[in-house]
Structure formats: C-alpha cells, structure tokens
C-alpha cells in the first residue's frame with residue numbers, strides 16, 4: 001500500500017482531472033444504491049447526486065474521496081453498459097457550467113446592480 005501511495009505522489013495529472021465526475025446517459029430508473037454498486041468498485045465515494053428534475057434525469061454527480069479513484073472510475077466506466085445504455089463519464093468542470101449560465105439572468109443581475117449603485121451608462125455618453 002505504501003508503494004502505491006509513493007507512486008501516486010510522483011504522478012502529475014492533467015488540469016481537468018478532479019474528484020467530481022459528471023455522468024450522463026443513465027437509465028432514468030437507476031437508484032442511488034445501484035450507483036454506489038457501480039462506482040464504489042473504484043474507491044471510496046463521498047457523495048452521489050442523481051438528477052431528479054425533468055431536465056436533469058439520467059445524469060448524476062459522483063464525488064470520490066481520492067482523485068486517483070475518480071480518474072480510475074472515469075477511465076473504466078466511460079462507455080460502460082447499464083440497462084442497454086452506454087454511460088458517458090466526464091470530469092466536472094465548474095468553469096464550463098458557469099459559462100452556460102443563462103445570459104438573461106446575467107443581464108438581469110447587471111441591471112439590478114446598475115440600479116442599486118445608481119449607474120446610468122446612457123447618461124455618461
């Protein structure tokens with residue numbers, strides 16, 4: 001076990017690798033227990049969140065305790081067949097999620113801030 005830990009200490013991981021996996025194309029009826037059975041084989045899991053809303057069904061976030069366990073799971077479970085569906089397993093990338101934020105919400109937030117601080121860009125021209 002100490003040898004494995006020593007090897008891990010010398011390994012450099014790509015910047016997009018992290019402990020959080022984003023899983024798509026899950027069967028809608030899959031349970032959290034089944035997810036723990038599938039993903040738990042690769043290491044200790046801190047949390048699994050299954051999508052329950054209409055637009056998030058069939059997706060999940062799996063948070064591992066160790067980044068190397070997450071990397072191993074991503075490599076082995078991407079393309080894994082579950083109930084005739086092939087899993088898409090990706091590393092969660094928060095900067096991409098933020099980028100997809102609704103532009104209308106951003107504009108609305110900017111307008112609220114301009115009103116709050118009394119900024120009128122039309123007047124300054």
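With (1) assigned to a helix (DSSP H, G or I); (2) in contact with a strand residue (DSSP E or B) (Cβ under 6 Å, 6 or more places away or on another chain); (3) within 19 Å of residue 16 (Cβ to Cβ) as the list, and residue 35 as the residue in question, which single condition is left unmet?
The number of the failed condition is (3).
Taking the stretch 37-52 as the region of interest, how many residues are surrounded by fewer than 14 Cβ atoms within 10 Å (Cβ to Cβ) and under 16 Å from the mean Cα position of the chain (by Cα)?
Initial filter on the stretch 37-52 (surrounded by fewer than 14 Cβ atoms within 10 Å (Cβ to Cβ)): 37, 41, 44, 46-47, 52.
Next cut, under 16 Å from the mean Cα position of the chain (by Cα) only: 46-47, 52.
Number satisfying all stated conditions: 3.
State which residue pairs qualify: first residue at pLDDT 60 or above and inside the stretch 88-100, second residue not in a strand (DSSP E or B) in any location, beta carbons under 6 Å apart, and separation of 6 or more residues or different chains.
88/25; 89/74; 89/77; 89/78; 91/16; 91/17; 91/18
Residue 69 is checked against (1) at pLDDT below 90; (2) within 23 Å of residue 18 (Cβ to Cβ) and fails just one. What number does that condition carry?
Residue 69 satisfies all of (1) at pLDDT below 90; (2) within 23 Å of residue 18 (Cβ to Cβ) except (1).
Restricting to the stretch 110-125, what's the tally of residues that are part of a loop (DSSP other than H, G, I, E, B) and at pLDDT 75 or above? Step through it out loud before you land on a result.
Restricting attention to the stretch 110-125, the residues satisfying the condition of being part of a loop (DSSP other than H, G, I, E, B) are 117-120, 125.
Right, trim to at pLDDT 75 or above and you get 117-120.
The total comes to 4.
All but one of (1) surrounded by 13 or more Cβ atoms within 10 Å (Cβ to Cβ); (2) free of Cβ contacts under 8 Å to residues at least 40 places away in the same chain; (3) farther than 30 Å from residue 12 by Cα; (4) out of contact with any strand residue (DSSP E or B) (no Cβ under 8 Å at 6 or more places or on another chain) hold for residue 85, so report the exception by its number.
The single condition residue 85 does not satisfy is (2).
With the requirement that a residue be buried (at least 17 other Cβ atoms within 10 Å of the Cβ) and either free of Cβ contacts under 8 Å to residues at least 40 places away in the same chain or out of contact with any helix residue (DSSP H, G or I) (no Cβ under 6 Å at 6 or more places or on another chain) (or both), what does the stretch 70-82 give you? So that I can check it myself, show each step before the final result.
Kept after step one, since they are buried (at least 17 other Cβ atoms within 10 Å of the Cβ), are these residues of the stretch 70-82: 70-71, 73-74, 77.
Hits for the stretch 70-82 are 70, 71, 74, 77.
The values are calculated or read from the model by the stated rules, or taken from the named source; none is laboratory data. Note that the structure is predicted; figures quoted are calculated from it, not measured. No Cβ is skipped: glycine too gets one built from the backbone with ideal geometry, and neighbour counts run over all protein chains shown.
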